[in-house]
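Please read the structure below before turning to the comments.
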Amino acid sequence: MSRTLILLRHGKSDWSTDDNDFDRPLKKRGINASRQAGKWLGANNRVPDFVIASPAKRAMQTAEISCDAMGIKEKNIFSRKHIYLATPEELLYVLEDCPEQAQCVMLVGHNPGMEDLLYYLVNGRLTIPEDGKIMPTATLAILNMPDSWEQLQSGSAELEILLRPRELS
């Protein structure tokens, strides 16, 4: 396994606005957690060389804030409409389209697709927390991946670390 996949669920969104689901922004807590995720990735030499995100406002904000904390310019974040409300199968198609030279990819998206993708990639080999939530908002999952983005089968990845926002500081 020579590649890395970073799954980052979007930060906590602001439900107090009248915005529709797609346009809902991050809360201050979500902004702070997104920044912490980026700082942790940078400090631990986990800076991705390819970043793809859902175009939903809260996911793009999460990607932009975390990437800024790692020194990645906003123009290097690629938006894919198929990530919004995606199934694991749709997320696999998005990953298959990653450039062959990308060694470390960060995918910023939503539940339940992110949790389901993680569960699929590790074939269920993970400990479910007591609260039953694998990837609450702003959670990072880092996976060791196969040599090709096109070889993603159930159980083809190994979970290296799963970090919730409170564990990032």
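None of the figures in this text is laboratory data; all of them are computed from the coordinates on show. Only a predicted model underlies this, so the values are computations on that prediction, with no experimental measurement involved. Note that each Cβ is placed from the backbone with ideal geometry, even for glycine, and that neighbours are counted across all protein chains shown.
Key figures
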quantity	calculated
Given 15 as the ceiling on other Cβ atoms within 10 Å, longest exposed-site-free region of the chain for chymotrypsin sites (Phe, Trp or Tyr not before Pro) in DSSP loops	23-169
Sparse-neighbourhood loop sites, GluC sites (Glu not before Pro) in the stretch 89-169 - DSSP loop, at most 11 other Cβ within 10 angstrom	Glu100, Glu130
Dipole in debye (nearest 20) - the stretch 1-132, about Cα centre, beta carbon charges: Lys, Arg +1; Asp, Glu -1	560
Per-residue ³J(HN,Hα) for the stretch 76-92, Karplus 6.51 cos²θ - 1.76 cosθ + 1.60, θ = phi - 60°, Hz, x for Gly and Pro	9, 9, 9, 8, 10, 4, 6, 7, 5, 6, 7, 8, x, 4, 5, 5, 5
Among Asn144, Asn45, Asn76, residue whose mean-square fluctuation peaks in a GNM of the chain (springs only between Cα atoms under 10 Å)	Asn45
Partners for Lys133 among lysines (Cα-Cα distance below 17 Å; same-chain residues under 8 apart left out)	Lys12
Value of relative contact order over the chain, rounded to a whole percent, pairs C-alpha under 8 Å and six or more apart	31
Prolate/oblate/rounded label for the stretch 3-167 (Cα gyration tensor, a/c 1.5)	rounded
Top of Thr17, Thr139, Thr87 by mean-square fluctuation, Gaussian network on the chain, Cα under 10 Å	Thr17
Residue of Ile142, Ile128, Ile65 that the Gaussian network model of the chain assigns the largest fluctuation, springs spanning Cα pairs under 10 Å	Ile128
Estimated vicinal HN-Hα couplings, Hz - the stretch 14-26 in sequence order (Karplus 6.51, -1.76, 1.60; Gly, Pro = x)	8, 7, 7, 8, 8, 5, 6, 4, 5, 9, 5, x, 6
In order through the stretch 40-52: 3J(HN,Hα) via Karplus (6.51 cos²θ - 1.76 cosθ + 1.60), integer Hz, x for Gly, Pro	5, 4, x, 5, 9, 6, 10, 6, x, 9, 8, 10, 10
Loop sites in the stretch 80-169: trypsin sites (Lys or Arg not before Pro), DSSP, at most 16 other Cβ within 10 Å	Arg125, Lys133
Those trypsin sites (Lys or Arg not before Pro) in the stretch 1-38 that DSSP places in a loop and that have at most 14 other beta carbons within 10 Å	none
Residues with amide H under 5 Å from that of Thr139, placed H, sequence gap 5 or more	Arg9
Cα centroid separation - the stretch 9-27 against the stretch 105-166, whole Å	23
Estimated [θ] at 222 nm from DSSP helical runs (n ≥ 4, -39500 (n - 2.57)) normalised by residues in the chain, nearest 500	-9000 deg cm²/dmol
Counting DSSP beta bridges with both ends in the chain, the antiparallel % (nearest 5)	50
